[in-house]
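Okay, so here's the structure we're looking at.
The values are calculated or read from the model by the stated rules, or taken from the named source; none is laboratory data. Quick caveat: nothing in here was measured; it's all calculated off a predicted structure. Neighbour counts run over all protein chains shown; Cβ positions are idealised from the backbone, glycine included. These accessible areas exclude ligands, DNA and RNA; they are computed on the full protein's heavy atoms, side chains included. Shrake-Rupley method; radii C 1.70, N 1.55, O 1.52, S 1.80 Å.
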Protein chains: 2
Amino acid sequence: MRHRVIITLLAAVLLVAPAIAQTKKLGPLTIKEQGSFFVGGENKTIGQVGVPPGTGEITVNQMYVQYQIPMKGDQHVPVVMVHGCCLSSKTWETTPDGRIGWSEYFVRKDRPVYLADQVSRARSGFDATSLLDIRRGTLAPDKMPMILDATHQVGWTVFRFGPKYGEVFPDEQFPMQAVDEFYKQMIPDLNSTLGPQPRATWQQMAALGVKLNGAILMGHSESGFFPEQAALVNPAGIKGMISIEMPCDPGMTDAQIAQLAKIPTLVMFGDHLGDVQGSIANWAQSFASCNTFVDRMKKAGGDAEMMHLPALGIKGNSHMLMQDKNSDQLADLVISWIDKHVEKRKGGVK
Amino acid sequence: MRHRVIITLLAAVLLVAPAIAQTKKLGPLTIKEQGSFFVGGENKTIGQVGVPPGTGEITVNQMYVQYQIPMKGDQHVPVVMVHGCCLSSKTWETTPDGRIGWSEYFVRKDRPVYLADQVSRARSGFDATSLLDIRRGTLAPDKMPMILDATHQVGWTVFRFGPKYGEVFPDEQFPMQAVDEFYKQMIPDLNSTLGPQPRATWQQMAALGVKLNGAILMGHSESGFFPEQAALVNPAGIKGMISIEMPCDPGMTDAQIAQLAKIPTLVMFGDHLGDVQGSIANWAQSFASCNTFVDRMKKAGGDAEMMHLPALGIKGNSHMLMQDKNSDQLADLVISWIDKHVEKRKGGVK
């Protein structure tokens, strides 16, 4: 019994040791400025007298943004990070196993970082009027916007933790010992309240680029193609686009491709794209659609790159690659790309 | 025309000048450690085969917490801040008019700060199963949990910006020029999905105190009495309770009061408690109930204080006093109280 306790304690120490070691190694972080604000938002009149919430105005379509500017931040182009389906900006923060996420990593590499909760998610709030209408009987229940509520089983296969639920790829890079912490990040997705397209988020992302006087937009999964959609709304503030693991829209016209091709673009995919059974996402097909997109961008004279990690010899990355065990290494790849293609610096990461 | 443009520009400069001046004066901020994590959360089986989201497990009742520990943080007791109804942790961040909020102010005063999104709100997510059941017809629409969606009109009176919607108190401390930015913080409140009481949040707050090896819990409005409720769940990790503007539960038993009276307690109220017409909140009644609560705590031997700001000569504070123009001054009052009553230091704020 005592041996078992000691072994358990040893295992616990070994498991948490890497996170502690990294925190100590990293040392203090000095911030020039930090805070949060909203982009966009408009008034909407709701309700009936005597029925909660009563007649009046609410604000909808605003996008919550949280930021940190490091001391040398004005030497670099700000990076806007937008999370995917059924997730929030937590995506970019402390990883499920307790390491720093991409947001702090980029800040420590002197980049101003802006985390946006998609319109209708998390601290951005959502437009609840259709739900309130159903509750008081003025809208049919089957007209309720579809709330996406990803189960652990759906997450396991969509995020490519293994070939099927409960099985892990031998070279899996996701920190599976902390998968229960990851499940806590999965929250209901109310994008369907925005209409057939999450256009409000595209608009606010474009507006944020303008507000920042130029920014790199980064999207992941559900939001992976949002940088491009934002650039079609208004390219004025978009200095670079980073699209991670999503279907690329095959319906882009040549005129749209020509507009996008003016902006340096990085598309990034991990491993095991065709190795999962029974997933509701088809990553092999998404990868193919994005290869076509990158080819069209190049033919239109654009600076576009498909970064397929296995082609670089980097194996086992999941769909949540910004949280994978090699997340620092992948962040360095992205920062090097920014230096070379957006900021036109020599030598990559300093 | 030109004169008008110049006057408008001058007005704009004067309006933004205080925020800019403060940022410059404050200077860089050095953080020892920062990040985010979840407290609690349990599995729940949902759904039917073939109907989205399908059969499987989701995680519910987790509480998202974001934190910063300053360099001298280990010399002080951590402060956990929990927002009120129809709001998120944005409450404690950058104010609507662009000044730093209490979270950064406390960090700059060497306090570790933990911001929690209430269970069922913002980045904590919510349990959408009853909504999904209504959509597929297995639950009646009138059984939908009541979603609280505060209108601007409700906010104006509940938050005491003036005697009625559209009118501002002459001495109002809320930065009314930025009220539209405040409205963007108001998001749907899904606490009713937690059952008759938001007990899950009380449990996670108590657990967070234990995890931090002792913390001061601070609540506001809807969550104002949550520190006390958390202390009734488990007082082990609660070193102080700060309750801002809420009704105090008149149903506490003597045994409960005796348990709470072991923990130093500050209750705080602003101005104009009885000066608003047609509000759904009765702040004068709430104030009376909390005076009774503080008296009972004192009679039970507790260190409890009612800090009514007008009694200190501080006038015009709204319900959102942590965002009012004198928010720094009010933060200093709270920090002095912590020093004297929780940390037992002499001299208050250093």
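Points worth noting:
- Gyration tensor (alpha-carbon) shape descriptor, segment A:49-131, a/c threshold 1.5: prolate
- Calculated FRET efficiency, A:LYS211 to B:ALA258, Cβ-Cβ distance, R0 = 60 Å: about 0.65 to the nearest 0.05.
- Taking the label point 7 Å along Cα→Cβ, A:ASN291 and its counterparts in the other copies are spaced 7.6 nm apart, in ascending order.
- Sequence-ordered 3J(HN,Hα) estimates for segment B:261-276 from the Karplus curve with 6.51, -1.76 and 1.60 and θ = phi - 60° stand at 5, 6, 10, x, 9, 10, 10, 10, 9, x, 9, 6, 4, x, 9, 10 Hz, glycine and proline given as x.
- Considering only B:THR193, B:THR45, B:THR151, the mean-square fluctuation computed in a Gaussian network model of chain B, springs between alpha carbons under 10 angstrom, is largest for B:THR45.
- As a length-normalised measure over Cα pairs under 8 Å and 6 or more apart, the relative contact order of chain B settles at 16 percent.
- Couplings 3J(HN,Hα) for segment A:310-317, derived from phi with the Karplus relation 6.51 cos²θ - 1.76 cosθ + 1.60 (θ = phi - 60°), are x, 5, 8, x, 9, 10, x, 6 Hz, where x marks Gly and Pro.
- Taking the helices alone, chain B has a mean residue ellipticity at 222 nm of -9000 deg cm²/dmol, built from -39,500 (n - 2.57) per DSSP H run of at least 4 residues and averaged over all its residues.
- Take B:ASN326, move 7 Å from Cα toward the beta carbon, and the resulting point lies 5.9 nm from the same point in each other copy, nearest first.
- Stretch gain in nm, segment B:LYS72-B:LEU26, where the contour uses 0.36 nm per residue and the Cα spacing is subtracted: 14.8 nm
- Cα→Cβ-extended label distance, 7 Å offset, between A:ARG199 and A:ALA140, nm: 2.5 nm
- Alpha-carbon centroids, segment A:239-315 and segment A:137-158: separation in whole Å: 28 Å
- Stretchable slack from B:ASN43 to B:ALA284, in nm (0.36 nm times residue separation minus alpha-carbon distance): 82.6 nm
- Rounded, prolate or oblate (a/c below 1.5 giving rounded, otherwise prolate when a/b exceeds b/c) for segment A:201-295 by Cα gyration tensor: prolate
- Heavy-atom accessible area buried between chains A and B is around 5500 Å² (1.4 Å probe, both sides summed).
- Charged neighbours of A:GLY224, selected by a Cβ distance under 12 Å, balance to -4 (K, R count +1; D, E count -1).
- Sorted from shortest to longest, the distances between the A:MET146 label points of this copy and the other copies are 3.2 nm, with each point 7 Å from Cα along the line through the beta carbon.
- Accessible surface, the protein assembly as shown, averaged per residue in Å² (probe 1.4 Å): 39 Å²
- Within a Gaussian network of chain B (alpha carbon springs, distance under 10 Å), most fluctuating of B:GLY214, B:GLY41, B:GLY166: B:GLY166
- Database remark: amide H of A:LYS239 closer than 5 angstrom to the amide H of A:ALA215, A:ILE216, A:LEU217 (H placed geometrically; neighbours at sequence offset of 5 or more, or on other chains; Pro and chain starts carry no H).
- Stokes-Einstein diffusion coefficient of chain A, Kirkwood radius over Cα pairs, 10 °C, 1.306 mPa s, in µm²/s: 74 µm²/s
- Global form of the protein assembly as shown, assessed from the alpha-carbon gyration tensor, a/c cut-off 1.5: rounded
- 10 Å binning of all Cα-Cα separations within segment A:270-350, expressed as whole percents from 0 upward: 16, 39, 36, 8, 1
- Highest GNM mean-square fluctuation among B:THR91, B:THR129, B:THR253, for chain B modelled with Cα contacts below 10 Å: B:THR253.
- Among the protein heavy atoms of the protein assembly as shown, carbon and sulfur supply 55% of the accessible surface, probe 1.4 Å, non-protein parts ignored.
- For chain B, hydrophobic long helices are taken as DSSP H runs at least 30 Å long by C-alpha position along their axis with mean Kyte-Doolittle hydropathy of 0.0 or more; these are B:2-26.
- Amide H contacts of A:ILE31 (H built 1.01 Å from N, under 5 Å, at least 5 apart or other chain): B:LEU29, B:THR30, B:ILE31
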